[in-house]
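Structure first, commentary second.
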Amino acid sequence: MATEIIHVPDLGGAESVEVIELCVSPGDVVELEQSIIVLESDKATMDVPSPKAGTVKALLIKEGDIVGEGSRIVEIELSDVDVTSSIEQEEILEEVSLPEQESDTNELPPEEGLLPEENAASKVALNVSVERVVTVPDTGSEEAVDIIEVPVSPGDTLSEGDSILVVETDKATMEIPVAFGGEVLKILVKEGDKVNSGDEVAVMSTGASAESSLGEPSSVQLQIETPEQGEASATKDLKPNAPIVPEVKQAISEVVDDGVSDISLGAEVYAGPASRALARELGIDLHNVKGSGPRGRILKEDLNNYVKTAVAKAEFGVGVGAASAAIPAVPDVDFAKFGEIEAIPLQKIQKLTAANMHRSWLNVPHVTQFDEADITDLEDFRKSLKAEAEKQGTRLTPLPFLLKACAHALVANPEFNRAITSDGETFIQKKYVHIGIAVDTPRGLVVPVIRDVDTKGLWQLAHEVNDMAVKARDGKLSTAEMQGGCFTISSLGAIGGNGFTPIVNTPEVGILGVSKSQIKPVWDGSAFIPRMMLPLSVSYDHRVVNGADCGRFFTYLVRELGDTRRLAL
Ligand code: CAO
């Protein structure tokens, strides 16, 4: 078997570039034009396609190597077809002497010079090479467009209609095709350059097919990307010589009409052509992938890891967020159309709360159960201590009693005092009892955490609740004071309502919702008697506890609240 060494082609001016990706390994079968490595200069990333088909025998470089034009890249064992075509080519070259007709201009040579009529001469014509300059077709815009990708390299063979550049306007990404086939000799532009209609971007050598290739213009592939739909959401075919802007606008308005208010371009993402191609193949939106390459570049490995994680999450049903659950975005509405409005930016705490609640809502399978506690005796006891509380410089509301009762219920029902690891493999059993209390502040909701509630008395808890509430409202809570909770109490009792379904403050497993107590008639077996009833709800993470667990926890809690003596135990 014949082998051949593949070298780095002309780098279009760059002297040394870094090998950032190896697309093949020894033993791989490569096709003609298949990417074998990805190189990166300080401005552009380029795929190096294989000029030969065959099997990779050895890689002669590794990732991170610095190479230049002519550097040895890979040794390929040529496939039969390639060996034959090489031999045939050599035979033709031996038979025919080439006329020295190469031109530096982009002008088409006279037809008769290209295609002589005699038999022998027509054989010569097959090997005639004419240099032609590729120019940017009419973009329909006065403004220059950005080159975001140069998907070809010198040495590449292109057919009519193949893309030679990818450019970007402020709204769309367009592939610029060549209007004739041939070999790329020189690239005159690089990624990041700006070009106008008519600018020269490459030099190609055209063969015998030149005449037919230069006739009809081919079509421009116009690609519009949206956040959800990835890179190939809407395409339009345009003639390269026709203005493209109206078509761009039409395609964009079609996307916008579908309810998407913003259009993002894949080019904002730092990834090489090979990674982009793989992402397209796998249907991955590159915006969701974190790059681990130099300067955050997305590597093929990152895409593989992204898929692995997504599959694991789907299997375990753990941690699936909005992106992977493919939740459709809610389009922004122009409310000003309907009346006067005012835009109020969210405060930091409000943004954090929104993000945490959304994450919990999406990740945690919630169930909420309801019950009522008879707090008639608790309220009598609490009110009897009011004067003493004042003397102590504090207030004794139902909250310290609720804290104490929850601590007892957590100790007696330890499955409520757990967390589940994100891989869904392990429960973490907590041996401490720290409980958070939701505090409403002008800047938003915060949850300070009272430590070791099970070890503290009612007075101490009353002091700590008051201190924490004051600190929370003054914006003086430290991050540490809001961390480490095992369970949360959200009390709307002072505000009103007779029931609600609180959202679990994940990674905690349960949350108690407290509504407004009121006197209700309760049947004692022989008569209805007035009792002070406190409506309660417990929401829980059904991955960690189930309805029976909650039933036991809740019954325990209600019994503690119904008999204050038990809280002293
Ligand atoms: N039923 C009836 N009355 C209640 C009650 C209940 N469940 N809970 C409290 N009260 C009473 C208190 O006893 C107090 O009255 P007295 O002074 O006569 O005793 C009065 O309501 C005001 O209580 P408070 O709100 O000042 O104190 P608290 O200990 O009950 O609550 C705190 C403290 C910080 C939790 C509370 O101020 C707060 O911010 N609550 C809002 C929590 C919240 O927004 N949760 C929702 C989160 S999810 O969106």
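Since every read-out is calculated from the coordinates, none of them should be taken as a lab result. Here the structure is a predicted model, which means the values were calculated and not measured. So basically every Cβ, Gly included, is an ideal-geometry build from the backbone, and we count neighbours across all protein chains shown.
Among residues other than residue 418 with Cβ under 14 Å from its Cβ, the summed charge is -2 (Lys and Arg +1, Asp and Glu -1).
Potential lengthening of the chain between residue 146 and residue 352 amounts to 70.5 nm, from the contour at 0.36 nm per residue minus the alpha-carbon distance. Each Lys and Arg contributes +1 and each Asp and Glu -1, all at the Cβ; summed about the Cα centre of segment 484-569, the dipole is approximately 200 debye. Here's how it looks for residue 7: its modeled amide H is under 5 Å from those of 73, which are all 5 or more places away or on a different chain.
With 28 Å as the limit, the listed pairs 404/516; 348/471; 308/348; 348/430 have 308/348; 348/430 beyond it between alpha carbons. Let me check I've understood the local charge: for residue 75, count other residues with C-beta under 13 angstrom from its C-beta, Lys and Arg +1, Asp and Glu -1. What total comes out? Charge balance in the 13 Å sphere: 0. Amide H to amide H distances under 5 Å link residue 299 with 292, 293, where only residues 5 or more positions off or on other chains count and H is placed in the peptide plane. Cα centroids of segment 329-383 and segment 532-566: 22 Å apart.
Considering only DSSP beta bridges with both partners in segment 453-569, what is the antiparallel share in %, to the nearest 5?
Working: 11 of 15 bridges.
Looking only at bridges with both residues in segment 453-569, the antiparallel portion is about 75 percent.
Counting neighbouring Cβ atoms within 10 Å and putting the fewest first, the residues 1, 174, 533 line up as 1, 533, 174.
With the cut-off at under 17 Å, measuring from each backbone N in segment 479-509 to a point 7 Å along the Cα-to-Cβ line of residue 440 picks out 489-503. Here segment 374-470 is treated with +1 on each Lys and Arg Cβ and -1 on each Asp and Glu Cβ, and its dipole about the Cα centre works out to around 260 debye. Counting only Cβ charges, +1 for Lys and Arg and -1 for Asp and Glu, the dipole size of segment 349-568 around its Cα centre is about 420 debye. The distance between label points at residue 66 and residue 370 comes to 7.2 nm (points 7 Å beyond Cα on the Cα→Cβ vector). In this simple spin-label model, placing a label point 7 Å from the Cα along the Cα-to-Cβ direction at both residue 338 and residue 387 gives a separation of 5.7 nm. Close amide-amide hydrogen proximity is noted between residue 392 and no other residue 5 or more places distant or on a separate chain, at a cut-off under 5 Å (H modeled in the peptide plane; Pro and chain starts excluded). Given their separation in residues at 0.36 nm each and the Cα-Cα distance between them, residue 501 and residue 311 gain 65.3 nm when the chain is fully extended.
Quick one: work out the % antiparallel among DSSP beta bridges in segment 413-521, nearest 5. Walk me through the numbers on the way to the answer.
Details: 8 of 15 bridges.
Around 55 percent antiparallel, to the nearest 5.
In this rough spin-label picture, where each label sits 7 Å from Cα along the Cβ direction, the residue 563-residue 282 distance is 5.9 nm.
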